[in-house]
Structures are given as structure tokens and as C-alpha cells.
Amino acid sequence: MHWIYERHALSINEITELSKDLRERLSETAYISSLKLLDRQISKDGTEKFLFGLEDGETIESVLIPDEDRLTLCISSQVGCAMCCKFCLTGKMGLKRNLQAHEIIDQIISVIRSIKPRQLTNIVLMGMGEPLANFDNVIEALWRIVRFMKISPRRITLSTSGIVPKMLELPKKAPMVNLAISLNATTDEARDYIMPVNKAYPIKALLDACHRFPLPPRRRITFEYVMLKGFNDSDEDAKRLISLLKGIPSKVNLIPFNPYEGSEFKTPDDKRILKFQDILIKGNITALIRKSKGQDILAACGQLKAKYKLE
Ligand code: SAH
Ligand code: SF4
């Protein structure tokens, strides 16, 4: 475990702590997996996008985001996504398949190897896919990341579109990672339209689950709110958001919509976003505007689609 998860050995033969004979015998039945790095793009703002090939030829993306004293890696949990959110390019691909636990972890190991001597500080499951729709593999990966790679669960964030039963199962089965919820709307009518998952688990059920979520002391749930011009960015939305979050230790990340070709939505003006944030702050809500990074290389939230040859 130490050689694989901390020293990042690429083959069993490298594990010189084991006898030659044992290494040879092990190599007959096992190998150490790794991802094929197909492409690496660097944005003007320092964000880096890694395109990885899997053993069956599918591809996934991971994004490295430097920010002041942090170096965050955003990893994928599925090839594509079945949740069909209207504003998200990954959602447009549909689901190809779940990632296995080792494929989730190999993204981290590959990136750690390629950025030496820089070191990752945080990991977010916010890349391609809905992590809670690939529950068992994600949980297995989280345990190995925490136990074998020795990364603290406080430095890991899992983001979900809101699969309520799995959200409640998560703290019983997984290490206590941070939770982020993609809320993105303040009425069921609007959320139904942009996030079909809302028809199964509407806003009230989602927020009830947040109230019941066993948060460790001083931790808060992050609510992501993609701002879509003229759709969910009004003063009324901001006020409704304040009352929805009442009683939940929370902070809000406002993410201006990242446009892509053919999308039906637009990004609100800065003035509108600032006004929305101001209303939240006056309502005693911690609200940050997360200007997306890496837009020039299509590495920003919702822009991942892992096509090697860009259309
Ligand atoms: N499936 C999970 C995690 C991956 S999506 C989830 O939905 O939470 C990560 C974040 O990107 C989500 O909060 C989602 O709302 C946001 N997002 C998706 N498409 C976007 C876009 N085009 N612009 C800005 N944010 C987007
Ligand atoms: Fe899937 Fe998240 Fe994109 Fe929705 S926003 S389609 S859940 S990746």
C-alpha cells in the first residue's frame, strides 16, 4: 500500500522491499494500474486540464486549480453523467460508465507525479459525473485516499446534485468529507426544469436531508448556485435562498454560468451577480463569487467533456 499510494510505484518490480522472487510471482497475477496521460493544457490563469485515457479507451478529465496558498485537484467520478442538468456539458454526453475506485484514485496519483515538487492541498469530486450515483466505488476510493494516501477528509469535498437517500447514507459509510450541494434554483418549478433529479428529490426533501446531515463542529455545507441570466438571478431568488437555508450551517458559492457552444443560457452581468451576493450577505449568508478558472481551455465548471479531438 505504501509503495502504491505514497511512493506511486508504476510496476511491481519497483517494489524492491519485496524479494525478486515474490515480485516475479506477483507480476504474473497482478499489475499496478495507471492512467494514460493523453493531453495536458495550461490556461492563461494557471489552471491545468489533464485528459486521461482509461484501459477500455474511454477518456476523462481532471482539473488542477492553483489559488493563493491552495492547489486543488478536481477529479471525475464517472465517464459522462446521467443526471442531464440542462446547463452542464458533461450532462449532455449522457452516462458512458462508472469509474472504478482505482480509476478515481489514479487521477490523483498521476497528477501528483506530474506536478512534483508542487503538492496538492485539496481534492474536490466536482469533475465529470455524479459521485453519489457511483456510490460504492466513490466510497471505496475515499477510504483509500484517506487511509493509504493519508489525505485528511477535511481537505476533500464531494459535490452532489442531490440524490437524497445516498446523501444520508454517505456519513454512515464514508470518511467525513465536506459536502457540497448543487442547488442552482430556489423554486421546484425552476429546479425541475434545469435539474431533472429535482423531480425525484425536490428542494424540501433535499434541504430536510441537509438539516439532518451530521455535520462535525464548525463545518458547513456548501451550496453551489450556478447563476443563469434571467432565470435564477433575481432579487426574489436571493431572498428565497436566504429563507431556504435558514437553520443550516451553510455557505453559498455563486458560480457565474460558464457558457459553451449551443447552450441555451447566458451569464448574468457582474452588476447583477454582485447585487445577488449583496442580498445574501445582508441576510447573514456567507456568499462567495467563484469566478471560474480555465475557461480558455474549457476546464471550468460544467465544461468538461473529454473529447480528445475537439469538434
Ligand atoms: N455532479 C456533481 C459534481 C460535478 S458538477 C454536481 O452536480 O454537484 C460541479 C459543479 O459545476 C456543480 O455545482 C454544477 O452545478 C456546476 N456546473 C455545471 N455546469 C456548469 C456551467 N456550465 N457553468 C457553471 N457551473 C456549472
Ligand atoms: Fe451531472 Fe453535475 Fe453536470 Fe448535473 S451538474 S449533469 S449532476 S455533472
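The values are calculated or read from the model by the stated rules, or taken from the named source; none is laboratory data. This one's a predicted model, so the numbers in the text were calculated from it and none came from an experiment. Glycine also receives a Cβ, built like all others from the backbone with ideal geometry; neighbour counts cover every protein chain displayed. These area figures cover heavy atoms from the full protein model, side chains too; ligands, DNA and RNA do not enter into them. Shrake-Rupley method; radii C 1.70, N 1.55, O 1.52, S 1.80 Å.
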Which condition number does ILE112 fail, the rest of (1) away from ligand 2 (no atom under 16 Å from the Cβ); (2) touching a residue at least 24 places away in the same chain (Cβ under 8 Å); (3) within 28 Å of GLY262 (Cα to Cα) being met? (3)
Just the residues that are open to solvent by less than 10 Å² (accessible area, probe 1.4 Å) and assigned to a helix (DSSP H, G or I), please, taken from segment 133-157. ASN134, VAL138, ALA141, LEU142, ILE145
Which condition number in (1) farther than 19 Å from ILE248 by Cβ; (2) more than 16 Å from ligand 1 (Cβ to nearest atom); (3) at pLDDT 95 or above is the one that LYS116 fails? (3)
What helices (runs of 4 or more DSSP H) completely inside segment 168-282 contain at least 1 residues that are over 30 Å from LYS305 (Cα atoms)? 203-212, 235-244, 270-282
Going through (1) charged (D, E, K, R); (2) modelled with pLDDT under 95; (3) more than 12 Å from ligand 1 (Cβ to nearest atom) one by one, LYS246 fails only at (2)
Checking PHE231 against (1) at pLDDT 95 or above; (2) open to solvent by less than 40 Å² (accessible area, probe 1.4 Å), only one condition comes out false. Which one? (2)
Can we say GLU130 is in contact with a Phe, Trp or Tyr (Cβ under 8 Å, 6 or more places away or on another chain) and surrounded by 24 or more Cβ atoms within 10 Å (Cβ to Cβ)? no
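Looking at THR186, THR267, THR222, which is the one that is closer than 30 Å to GLU140 by Cα and not acidic (Asp, Glu)?
The conditions single out THR222.
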Kindly establish whether LYS44 is touching a residue at least 24 places away in the same chain (Cβ under 8 Å), part of a loop (DSSP other than H, G, I, E, B) and open to solvent by 80 Å² or more (accessible area, probe 1.4 Å). yes
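Among the residues of segment 83-93, is there at least one that is assigned to a strand (DSSP E or B), at pLDDT 95 or above, crowded, with 17+ Cβ neighbours inside 10 Å and in contact with a Ser or Thr (Cβ under 7 Å, 6 or more places away or on another chain)?
Scanning segment 83-93, I find no residue that is assigned to a strand (DSSP E or B), at pLDDT 95 or above, crowded, with 17+ Cβ neighbours inside 10 Å and in contact with a Ser or Thr (Cβ under 7 Å, 6 or more places away or on another chain), so the answer is no.
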For the structure I just gave you, tell me whether CYS74 is farther than 23 Å from ILE4 by Cα, crowded, with 21+ Cβ neighbours inside 10 Å and either under 19 Å from the mean Cα position of the chain (by Cα) or within 16 Å of ligand 1 (Cβ to nearest atom) (or both). no
Scan segment 272-289 for residues that are surrounded by 18 or more Cβ atoms within 10 Å (Cβ to Cβ) and under 25 Å from the mean Cα position of the chain (by Cα) and jot them down. ILE273, PHE276, GLN277, LEU280, ILE285, ALA287
